[in-house]
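The values are calculated or read from the model by the stated rules, or taken from the named source; none is laboratory data. Bear in mind the structure is a predicted one, so any value in this text is a computation, not a measurement. Neighbour counts run over all protein chains shown; Cβ positions are idealised from the backbone, glycine included. Side chains included, ligands, DNA and RNA excluded: accessible areas come from the protein's heavy atoms. Shrake-Rupley method; radii C 1.70, N 1.55, O 1.52, S 1.80 Å.
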Amino acid sequence: MRGVVMYSAGNVRVEDRDDPKIIEPTDAVIRLTATCICGSDLWPYRGVEPADHQVMGHEYVGVVEQVGADVRTVKPGDFVVGSFVISDNTCEICRAGFPSKCVHAEFVSQIGTQAEKARIPLADGTLVATPAQPEADLVPALLAASDVLGTGWFAADAAQAGPGKTVAVVGDGAVGLMAVLAARELGAERIIAMSRHPERQALARHYGATDIVEERGDAGVARIKEMTGGLGAHSVVEAVGTQESFMQAVGATRGGGHLGYVGVNHGVEIPGIQLFFAGIHTLGGPAPVRRYLPDLVQRIWDRTIDPGLVFDLTLPLEEAPEGYAAMDERRATKVLLTL
């Protein structure tokens, strides 16, 4: 099969890889219908994380080809959406709502789903079948549910977005835009998208943003407080992962408010005394996407939401290197790869 491999920073290739096979009785092998490039894939692309012949990709939808003897909830022919973290969905931590921290958790990035096929361990706990074969125009939306939609949803949920709340979203990438969508669906009264990019601002407004703030850092915090009577937002989403964005998010959260942080952070150091005196609730980390998948798949199936609009460039798998370059150069927000 063909698949994406990152040889080193900036060196992405599409080459032949071994076809996956059933190894454990709980495995499934799927033929991917679509995959995509994630903002977190840019960390190794830019040399922030090491990359040495690393298989790439952790977002995926497709059709089940084979299942192991113990798989019960999906079968060959099913169209499935999977979380970016493998989970059994039965352990104590999964049952508490955090399948991304399953005792058997494995990141799908180690499997590499920017490829024609993939072996998905613990298929019953990781994959969710759609009600039937989806129409073609639903595929991008279902693919978004695999990571960015579920991550944005978790961020908004962790920030306690809801009726009567003002929500501020730090980050206008795919996850930040999905957090805007989630905040709207959760009933937030006011949604402030922090963005400097006109095309992303337009999509944020489409997804429910009521206000746009272009300032960053301390200026961004000051603007949020000015808009909220000096208090700050009830709910803040951090969807970038830099020192500036994280501290901006902390500063924009009112006392007693909630911060949901999902940006994969690098080099972030939180001054303990600043967090102490902020007096806020914090919850974040790798999103428990599998917890939300059944609900999100149904919302997409019912055409209540369309997260697929976050893909603004579509390329065939063989042109994945161009997709990486486009996202790195901010010529694309999120790249969908077709197979």
Can you give the local net charge around Arg331? Use residues other than it whose beta-carbon is closer than 11 angstrom to its beta-carbon, Lys and Arg +1, Asp and Glu -1. -4
Under 14 Å from the Cβ of Val80, count the other residues' Cβ atoms, weight Lys and Arg +1, Asp and Glu -1, and hand me the total. +1
Counted charge near Gly173, where neighbours are those whose Cβ lies closer than 10 Å (Asp, Glu -1; Lys, Arg +1): +2
Classify region 234-276 as rounded, prolate or oblate from the Cα gyration tensor: take a ≥ b ≥ c as the square roots of its eigenvalues, call it rounded if a/c is under 1.5, otherwise prolate when a/b beats b/c and oblate if not. oblate
What accessible surface, in Å², does a 1.4 Å probe find on Glu226, ignoring ligands, DNA and RNA and rounding to the nearest 10? 130 Å²
Given 156-164, 69-77, the highest-first ranking by average Cβ count within 10 Å works out to 156-164, 69-77
Heavy atoms of Val240 accessible to a 1.4 Å probe, total area in Å² rounded to 10: 60 Å²
Please compute the contact order of the chain in relative form: average sequence separation of alpha-carbon pairs under 8 Å and at least six residues apart, divided by the residue count, as a percent. 19 percent
Below 8 Å between Cα atoms, with a sequence gap of 6+, how large is the relative contact order for region 1-151 in percent? 29 percent
Of Lys21/Lys334; Lys101/Lys165; Lys165/Lys225, pairs whose Cα-Cα distance is over 21 Å: Lys21/Lys334; Lys101/Lys165
Under a 1.4 angstrom probe, counting protein chains only, how are Asp19, Asp41, Asp52 ranked by accessible area, largest first? Asp52, Asp19, Asp41
Are there trypsin sites (Lys or Arg not before Pro) in region 157-227 that DSSP marks as loop and that have at most 12 other Cβ atoms within 10 Å, and which are they? Arg196
Using a 1.4 Å probe on the protein heavy atoms, what percent of the accessible area of the chain belongs to carbon and sulfur? 50 percent
R0 = 51 Å: FRET efficiency of Asp19 with Glu214, Cβ-based, nearest 0.05? 0.60
Restrict the search to region 229-298; then list the GluC sites (Glu not before Pro) that DSSP places in a loop and that have at most 15 other Cβ atoms within 10 Å of their Cβ. Glu269
Taking a ≥ b ≥ c as the square roots of the eigenvalues of the Cα gyration tensor of region 189-300, is the shape rounded (a/c under 1.5), prolate (a/b larger than b/c) or oblate? oblate
When ligands, DNA and RNA are left out and all protein chains stay put, how many square angstrom of accessible area per residue does the chain have with a 1.4 Å probe? 40 Å²
DSSP loop (so not H, G, I, E, B), at most 11 other Cβ within 10 Å: list which GluC sites (Glu not before Pro) in region 285-336 pass both filters. Glu329
Place a +1 charge on the Cβ of each Lys and Arg in the chain and a -1 charge on the Cβ of each Asp and Glu, then give the dipole magnitude about the Cα centre in debye, rounded to the nearest 20. 760 debye
